[in-house]
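Since every read-out is calculated from the coordinates, none of them should be taken as a lab result. Note that the structure is a prediction, hence the values are computed from the model and not measured. Heads up, the Cβs are rebuilt from the backbone with ideal geometry, glycines too, and the neighbour counts pull from every protein chain shown.
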Amino acid sequence: MPKPTPFQPGHTLEYAVKVVSQDAKGSATCWCLFYVHEGRDEVEIGQNGRKRKRTAQIKMFTAPFYPHKYRSHHESQHAESWVLYQDLSKANKKQYFSSQIKPANTLHRHVTVKDDKLVFNISARIVDTIIGDLFFRDDEVLATADSDGDSDDDMANTIVKKVTKTAKEKTNALKLFVKNENDPDWYQVVIPNAMRFELAMDHVSIGMSFRQAATAIQHARDHTKTATLSGMNDLIVGQYVRVLVGGNLQDILDLMGDLSVWAFSFAFDSSTHFEQSFFDLRVRICFKGRLCNLHLVGLPLFARHTAEILYNLLCKFLDALYPDWRVKLLNASSDGENTMTGRHAGLITRIARCAEFNVLRVWCVPHQIDIIVKSSAEGINDGAYVKDVYSFSVHLRSQHNLIIQMGVKCPKKTNRWVHLGRVLNFYKQYRRSIIAHTLEKHPKKLPSNMWWVITYVVAPAVDEINITFAKLQNQSLLVAQQAEFVNALIGTLTAMFCIEVIDPDQSDDGDGEIESMRINVVGIENHIRDQGSAAGKFFDALNATDQNTVIKEIVSYAIMLVTSLTGVKAERDENNQPLDHNAPPVMPQQFVIVHPAKFIQEVLDKYCDRLLKFWMFDECEEIEADHRDLVKMYRDDENMRNEIDKHDVNTLFNDAWDCVPRFKRLRAFCGGLATIFPNTTSVESDFSILKWELDAFRTALMHLLLEGIMQAKQRAILKQLWA
């Protein structure tokens, strides 16, 4: 058997190709650089004898490497560029592709704009499995739903009606998706009026209903006399929204599969609204050095919320979207509910087992803090204080005369993170009106002086916690930044309650002491009086015994709160216990003080096997070189050193690395590490939007349309990423 012609290094420049991989035997695989940077020429079927539409696949050359193979491809697929390229000098050929923007870096890789038309090319897996299946109840679920108490005939008729209705909904949902005759792996959607589509999606993204969006476009048509905006209605908007689900998922698929992306992370949770359950999934990804947090999907749940069902649903979705997700998955974040984090069969445990590399587990820190805040408050007077806070708020909300007099209604005490602080501050702000009204109308419901003292003490502590909650909800937050904010909160509360850390053997009768902390009684009394004259008067109205009692309750509350907060940690092990090490550094100000040898040993080597799945050895060594150059630049360049030294805990990832733009490979590596979700507040935000959109007047909204609304809200972000 003749030996195949090997790759010649000179062909790289002469025929515009690039070696992208080599196997153990040295056989090479090359990419056509014209396609990578320019795409294929627009050639209609029938032109130049063409029989098929162009594909979206990069042309690869393999052995044997005959020159006529290169020429034949370039002449048929890149005719104009190939003629121009041949006439260039060697120096100009080297610079030919450096100034061009790759089609993969634009939104038009899968969206073609031509003659005011939008053409979406969407993977068949997305259309068939995700859009056409996961958003609809299957026949088996329909057959078992709502069948209790019905006769056999009635049940059969009901099932037939439901199956028929679901089949019709699927048909309507997929009406605009047309399978590509020449490539069955792709669907195509043609939007004949691009301006109308863009306006409709912009209106939907800001919260307009479909009918409102259609009406707004019609008004724009009437005022601007733009004929292309005619004929809009809510049904067309609904069709556009369905198409947008497929288009956005295709864009996110391209982000996840990009060569610059070596890792990404997931955050997820489930919630119920109007007796319908949803599973929300977000992805954090660093694309071309830009860290972004994207809504991936909100899937309806038609069965029980068991870990097995959620795992099967998640795998079915991800396998359809991006089959290689198990290789790139770096982190999975959720709340502490057993279905999610159970060490034997929880959802995160199942995901970690199926992933190719280790998956960092994260337990949402705001959820941990919320549990601590509630348990600490419930420990006051053995839970009686919190019960009185709740019952008194219910009583005040029913006092209509008081509401009219004050011009405000007492906030509802719920389980949300910040609501306790709102209720306590309401009591403080309107205490005169509340006390006067309650004394006159319902004196038995008036809280005691001790209750008011505790309210004045607890309220500022909860306010500080709520400020930290607000900081933790930043969608670009890093794990290290989150830990800094929690430590700052602990420091603030420690100073607020005058807490001192002591040795276990020390003792002082004048102090309230628990475990290894103590609080001076005088400090607590001063803290009470620091809250204002009203708090001091309530305290002075107590006898000596009650004063000692309230101080002991405050001491117990403060030390329990601070002690529990010191144990908060996002990173967890397989038993859902705190890890003994922290997430890796990702910011320039952290790396400039790390010795290159330590960086390689403690950071880079841990992810080397994962990196080599997607990057070449030379690219991995480029990370080391970038780090050495960064350390040297920080040491030698005073201006750059001053700029990096300005970075603090509030500096975001993208802003920090924009200051050192030349270290692209190091930034891409750190971006993968930075994708770790520190919490699930962005998932909670999705549920808040979902519940706002799916209000009492839109309960019949299809799940696919609801998802389209969610996708419309991040369309601008995706456009910016591909710009």
TODO: Multiply the residue gap between Arg662 and Asn172 by 0.36 nm, knock off their C-alpha separation, and tell me the result in nm, one decimal place.
DONE: 171.4 nm
Open item on the list: Between Gln720 and Ile403, what's the calculated FRET efficiency when r is the beta-carbon distance and R0 is 45 Å? Round to 0.05.
Closed with: 0.50
Open item on the list: As a footprinting exposure proxy, order Ile371, Ile434 by other Cβ within 10 Å, with the fewest listed first.
Closed with: Ile371, Ile434
- [ ] Specify which labelled value, from (i) 262; (ii) 198; (iii) 274, agrees with volume of the Cα convex hull per residue in Å³ derived from the coordinates of the model shown.
- [x] (i)
- [ ] DSSP loop (so not H, G, I, E, B), at most 11 other Cβ within 10 Å: list which chymotrypsin sites (Phe, Trp or Tyr not before Pro) in the range 243-276 pass both filters.
- [x] Phe274
- [ ] Would you mind ranking Val178, Val373 so that the residue whose beta carbon has the fewest other beta carbons within 10 Å leads the list?
- [x] Val178, Val373
Task: Phi to ³J(HN,Hα) by Karplus 6.51 cos²θ - 1.76 cosθ + 1.60 over the range 186-193, Hz, x for Gly, Pro - done: 10, 10, 10, 10, 10, 9, x, 10
Task: For the range 368-566: rounded, prolate or oblate by the Cα gyration tensor [a/c cutoff 1.5] - done: oblate
Task: Using a Förster distance of 60 Å, the FRET efficiency for Gln95-Ser533 (Cβ separation, nearest 0.05) - done: 0.20
Open item on the list: How big is the dipole moment of the range 588-674 about its Cα centre under a simple scheme where the beta carbon of each Lys and Arg is +1, that of each Asp and Glu is -1, and everything else is neutral? Debye, nearest 20, please.
Closed with: 160
TODO: Would you be so kind as to identify which of Ser230, Ala213, Phe266 lies farthest towards the positive end of the dipole of the range 209-306, taking Lys and Arg as +1 and Asp and Glu as -1 on Cβ and the Cα centre as origin?
DONE: Ser230
Open item on the list: Apply the a/c threshold of 1.5 to the C-alpha gyration tensor of the range 588-674 and tell me whether it is rounded, prolate or oblate.
Closed with: prolate
Open item on the list: With angles folded into 0 to 90 degrees, how steeply does helix 67-77 sit against the dominant principal axis of the chain? Use alpha carbons for both and round to 10.
Closed with: 70
- [ ] Would you work out the relative contact order for the range 588-674, in percent, from Cα pairs under 8 angstrom that are 6 or more residues apart?
- [x] 37
TODO: Search the structure for amide H atoms under 5 Å from the amide H of Ala28, placed 1.01 Å from N in the peptide plane, and list their residues when 5 or more places away or on another chain.
DONE: Phe7, Ala63
- [ ] For the range 554-559, take each phi angle, set θ = phi - 60°, evaluate the Karplus expression 6.51 cos²θ - 1.76 cosθ + 1.60, and give the result in whole Hz per residue in order, putting x for glycine and proline.
- [x] 5, 4, 4, 4, 5, 6
Task: Spin-label model distance (nm) - Asn358 vs Ser564, 7 Å beyond Cα toward Cβ - done: 3.1
Open item on the list: Contact order normalised by length for the chain, with contacts defined as Cα pairs under 8 Å and 6 or more residues apart; what percent is it?
Closed with: 15
- [ ] Would you calculate a helix-derived [θ] at 222 nm for the chain, using -39,500 (n - 2.57) for each DSSP H run of n ≥ 4 and dividing by the full residue count, to the nearest 500?
- [x] -15500 deg cm²/dmol
Task: Three-way shape label, the range 392-448, alpha-carbon gyration tensor, a/c 1.5 - done: prolate
TODO: Counting other beta carbons within 10 Å of each Cβ, put Cys410, Cys315 in order, fewest first.
DONE: Cys315, Cys410
TODO: Report, for the chain, the % of DSSP beta bridges that are antiparallel, rounded to 5.
DONE: 85
Open item on the list: Could you derive backbone 3J(HN,Hα) for the range 353-359 from the dihedral phi with the Karplus parameters 6.51, -1.76 and 1.60 (θ = phi - 60°), listing whole Hz in sequence and x where the residue is Gly or Pro?
Closed with: 5, 8, 6, 6, 10, 4, 10
Open item on the list: Amide H of Lys179 versus every other amide H placed in the peptide plane: which residues, excluding those fewer than 5 positions away on the same chain, fall under 5 Å?
Closed with: Gln188
TODO: Using DSSP to define loop residues, name the chymotrypsin sites (Phe, Trp or Tyr not before Pro) in the range 658-723 whose beta-carbon has at most 13 other beta-carbon atoms within 10 Å.
DONE: Phe697
Task: Built amide H within the under 5 Å cut-off of Leu360, gap 5+ - done: Asn331, Ala332
